[in-house]
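Participant: The structure's right below; bear with me while I get my questions together.
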Amino acid sequence: MTGPGAGAKPSPPLARLTVTAREEAVRRFGILQPHLEDAVALSEVAHTGKISVRTARRWTARYRRGGLAALAPRPREDIGRRRMPEPLQRVIEALALRTPRLSAAAVHRRIQELAPEHGWPVPSYRTVVNVIAALDPALKCLAHEGRKRYADAFELIGRREVDAPNASWQADHTELDFYILTEDGTPARPWLTLIIDEYSRAIAAHRLSLEAPSAIGTALTLRRAIWRKGDPRWQICGIPTVFYTDHGSDFTSEHLEQVAADLKIRLVFSLPGQPRGRGKIERLFATVHQMCLSTLPGYAPAGLPDRAGQARLSLTQLDEALNAWIVSDYHRRIHPETAQPPAARWAQGGFLPQMPDSVEQLDLLLLTVAKPRKVHPDGIHAFGLRYLDSTLAAFVGESVVIRYDPRDLAELRIFHRGVFICRAICAELACTTISMREIIAARRARRRQLTQDLAERTSLVDQLLAHRTGLPAPAHELAPPAPTQRRLKIYAEE
């Protein structure tokens with residue numbers, strides 16, 4: 001083969017080139033086009049394009065041999081390898097991949113010592129830098145930052161996508177870069193729990209708390225997410241098909257598993273220590289910080305001097321501000337990934353969420369793990385307090401199950417054999433009190449019911465016995481006996 005470019009390496013197809021390479025190929029073709037199509041002198045084309053005639057001649061030969069793709073710049077494949085023995089290159093790479101990481105200067109100093117001993121040419125510092133730069137980034141990440149970081153940055157993952165509202169919810173917690181004032185005026189950083197609908201990116205519920213994440217806090221947030229909101233602008237509600245969380249103890253509690261089984265929610269956990277797949281909720285936290293918290297007094301990102309001194313709002317005020325931002329801004333703003341406002345995307349097509357049978361069933365999410373108690377004549381004893389309700393008069397001596405909201409111990413929810421029967425009030429903590437008249441009336445009603453039950457059962461037994469002996473059944477009067485009149489005692493001395 002003779003002629004220009006004989007024996008040259010063929011150019012890659014145009015489709016395999018990067019966008020930058022293709023743009024450069026088109027730019028070079030634009031310079032040569034007058035010569036190729038209109039027979040303009042190559043020297044004139046080179047002068048107009050501000051390139052040398054030699055370069056213009058080389059480009060023309062490459063174009064005629066391989067088309068537009070041949071005009072793309074070719075990456076250097078011999079960077080750091082020219083005139084370098086392969087064993088020397090391997091040693092440089094091995095030193096660069098050691099832990100702890102060595103600087104390029106340190107690697108070069110070691111090579112200066114080793115090369116003469118093995119008869120290798122001593123490479124320049126720039127050559128060593130080029131060899132290190134040519135290493136696979138994934139290999140360097142695995143060597144210097146470990147498997148976890150390598151997995152996050154380089155391992156192939158399948159991104160979970162959902163195709164309907166409430167098909168999958170994500171939940172997570174974060175301690176905010178924000179300071180509020182507690183009731184005693186002390187600055188504190190609150191925790192934020194968020195539940196997001198993956199399909200619409202709408203927020204199903206949020207909860208602010210000064211306490212670290214817990215199972216009850218998660219249950220309270222999920223309860224708020226499922227039930228209808230008081231604000232008609234916040235429509236997101238219903239039972240999700242999947243509830244996707246990390247492996248925190250608050251998400252893997254036995255109580256939450258029982259609730260999920262009862263409501264037919266499938267719990268899915270990310271791999272321990274690997275938060276991949278929960279990117280939507282992580283990005284939402286960043287959005288909350290950037291678009292909501294940064295506009296409020298109390299925002300204190302890391303690095304800000306006197307972070308606690310920024311506190312101005314109470315926890316209630318922050319909750320109101322966050323709630324207003326969600327319904328008025330976030331839910332109405334077009335989301336960059338879905339190209340739709342979250343609230344509109346959730347409600348499109350007349351979507352009807354699946355709801356619990358009753359709010360009482362959902363209250364199981366609100367309350368802690370059940371605790372057994374016995375109903376005493378003066379009520380139920382719990383937490384060193386006494387709880388009363390007139391309904392309990394029918395259950396004195398019975399074993400019941402109490403459930404309560406740890407944020408408000410003023411009342412207990414009482415369940416008997418799995419059925420909700422009443423809310424018992426602690427008069428010391430609640431504004432509502434139970435009068436003695438109500439208690440006496442409940443006692444009388446209970447006695448009348450028991451008396452009636454006893455009379456029916458006694459009558460049935462008497463009828464059975466009479467049928468067996470042929471004797472008439474005795475008439476029983478179960479009414480309390482009339483009080484006997486006391487006779488006046490007369491003493492002999494009188």
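The values are calculated or read from the model by the stated rules, or taken from the named source; none is laboratory data. The structure displayed is predicted, hence computed values, not measured ones. Cβ sites come from the backbone with ideal geometry, for glycine too, and all protein chains shown count toward neighbours.
Participant: Go over the candidates Ala343, Ala321, Ala311 one by one and state the one that is touching a helix residue (DSSP H, G or I) at 6+ places or on another chain (Cβ under 8 Å) and either in the same structural domain as Thr193 (by TED's automatic domain parsing) or among the aromatic types (Phe, Trp, Tyr) (or both). Walk me through it before giving the result.
Facilitator: Details: Ala321 fails: touching a helix residue (DSSP H, G or I) at 6+ places or on another chain (Cβ under 8 Å); Ala311 fails: touching a helix residue (DSSP H, G or I) at 6+ places or on another chain (Cβ under 8 Å).
Sole residue among the options that is touching a helix residue (DSSP H, G or I) at 6+ places or on another chain (Cβ under 8 Å) and either in the same structural domain as Thr193 (by TED's automatic domain parsing) or among the aromatic types (Phe, Trp, Tyr) (or both): Ala343.
Participant: How many residues does the range 278-321 contain that are over 21 Å from the mean Cα position of the chain (by Cα), of a type in the set (D, E, K, R) and crowded, with 18+ Cβ neighbours inside 10 Å?
Facilitator: Count: 1.
Participant: Right, here's the next one. Go through the range 85-104 and count every residue that is assigned to a loop (DSSP other than H, G, I, E, B), of a type in the set (S, T, N, Q) and over 39 Å from the mean Cα position of the chain (by Cα). Walk me through it before giving the result.
Facilitator: Step one: of the range 85-104, the residues assigned to a loop (DSSP other than H, G, I, E, B) are 85, 97-103.
Applying the additional criterion that residues be of a type in the set (S, T, N, Q) yields 99, 103.
Filter again for over 39 Å from the mean Cα position of the chain (by Cα), leaving 103.
Residues that pass the stated criteria total 1.
Participant: Which members of the range 214-239 meet the condition of being within 17 Å of Asp319 (Cα to Cα) and not in a helix (DSSP H, G or I)?
Facilitator: If the condition is that a residue be within 17 Å of Asp319 (Cα to Cα) and not in a helix (DSSP H, G or I), then Lys229, Gly230, Asp231, Arg233, Trp234 are the ones that fit.
Participant: Could you list all residues from the range 381-394 that are at pLDDT 90 or above and crowded, with 18+ Cβ neighbours inside 10 Å?
Facilitator: Matches in the range 381-394: Tyr387, Leu388, Asp389, Leu392.
Participant: Could I ask something else about it? Return the residues of the range 322-363 that are within 30 Å of Glu183 (Cα to Cα), more than 21 Å from the chain's Cα centre (by Cα) and surrounded by 16 or more Cβ atoms within 10 Å (Cβ to Cβ); say none if nothing qualifies.
Facilitator: Asp363
Participant: Within the range 133-150, how many residues are closer than 11 Å to Glu93 by Cβ and without any contact (Cβ under 8 Å) to a residue 24 or more places away in the chain?
Facilitator: Total meeting the criteria: 1.
Participant: Tell me which of these Val40 doesn't satisfy, since it passes every other one: (1) at pLDDT 85 or above; (2) surrounded by fewer than 16 Cβ atoms within 10 Å (Cβ to Cβ); (3) in a helix (DSSP H, G or I).
Facilitator: It fails just one condition, (3).
Participant: Right, here's the next one. Can Met355 be described as assigned by TED's automatic domain parsing to the domain that holds Thr193 and either closer than 22 Å to Ile196 by Cα or modelled with pLDDT under 90 (or both)?
Facilitator: Working: assigned by TED's automatic domain parsing to the domain that holds Thr193: no; either closer than 22 Å to Ile196 by Cα or modelled with pLDDT under 90 (or both): yes.
Judged against the criteria, Met355 is not a match.
Participant: Also, I was wondering about something else. Name the residues in the range 318-343 that are among the aromatic types (Phe, Trp, Tyr) and farther than 11 Å from Ala202 by Cβ, would you?
Facilitator: Going residue by residue through the range 318-343, those that are among the aromatic types (Phe, Trp, Tyr) are 325, 330.
If the condition is that a residue be among the aromatic types (Phe, Trp, Tyr) and farther than 11 Å from Ala202 by Cβ, then Trp325 is the only one that fits.
Participant: Examine the range 185-193 for a residue that is touching a Pro at 6+ places or on another chain (Cβ under 8 Å) and more than 22 Å from Ala324 (Cα to Cα), and state whether such a residue exists. Break it down stepwise before answering.
Facilitator: Applying the first criterion (touching a Pro at 6+ places or on another chain (Cβ under 8 Å)) to the range 185-193 yields 191, 193.
If we keep only those that are more than 22 Å from Ala324 (Cα to Cα) as well, we get none.
The answer is no; no qualifying residue exists.
Yes or no, residue by residue, for (1) assigned to a loop (DSSP other than H, G, I, E, B); (2) modelled with pLDDT under 80:
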| position | (1), (2) |
| --- | --- |
| Leu409 | no, yes |
| Arg423 | no, no |
| Ala427 | yes, yes |
| Ile434 | yes, yes |
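Participant: For the condition surrounded by 17 or more Cβ atoms within 10 Å (Cβ to Cβ), assigned by TED's automatic domain parsing to the domain that holds Pro187 and modelled with pLDDT of 90 or more, what is the one hit in Ile265, Ile226? Break it down stepwise before answering.
Facilitator: On the way: Ile265 fails: modelled with pLDDT of 90 or more.
Every option except Ile226 fails the conditions.
Participant: Now for a different question. Against the condition in contact (Cβ under 8 Å) with a residue 12 or more places away in the chain, touching a helix residue (DSSP H, G or I) at 6+ places or on another chain (Cβ under 7 Å) and either under 17 Å from Ile421 (Cα atoms) or surrounded by fewer than 15 Cβ atoms within 10 Å (Cβ to Cβ) (or both), how does Gly397 come out, does it pass?
Facilitator: Working: in contact (Cβ under 8 Å) with a residue 12 or more places away in the chain: yes; touching a helix residue (DSSP H, G or I) at 6+ places or on another chain (Cβ under 7 Å): no; either under 17 Å from Ile421 (Cα atoms) or surrounded by fewer than 15 Cβ atoms within 10 Å (Cβ to Cβ) (or both): yes.
In short, no.
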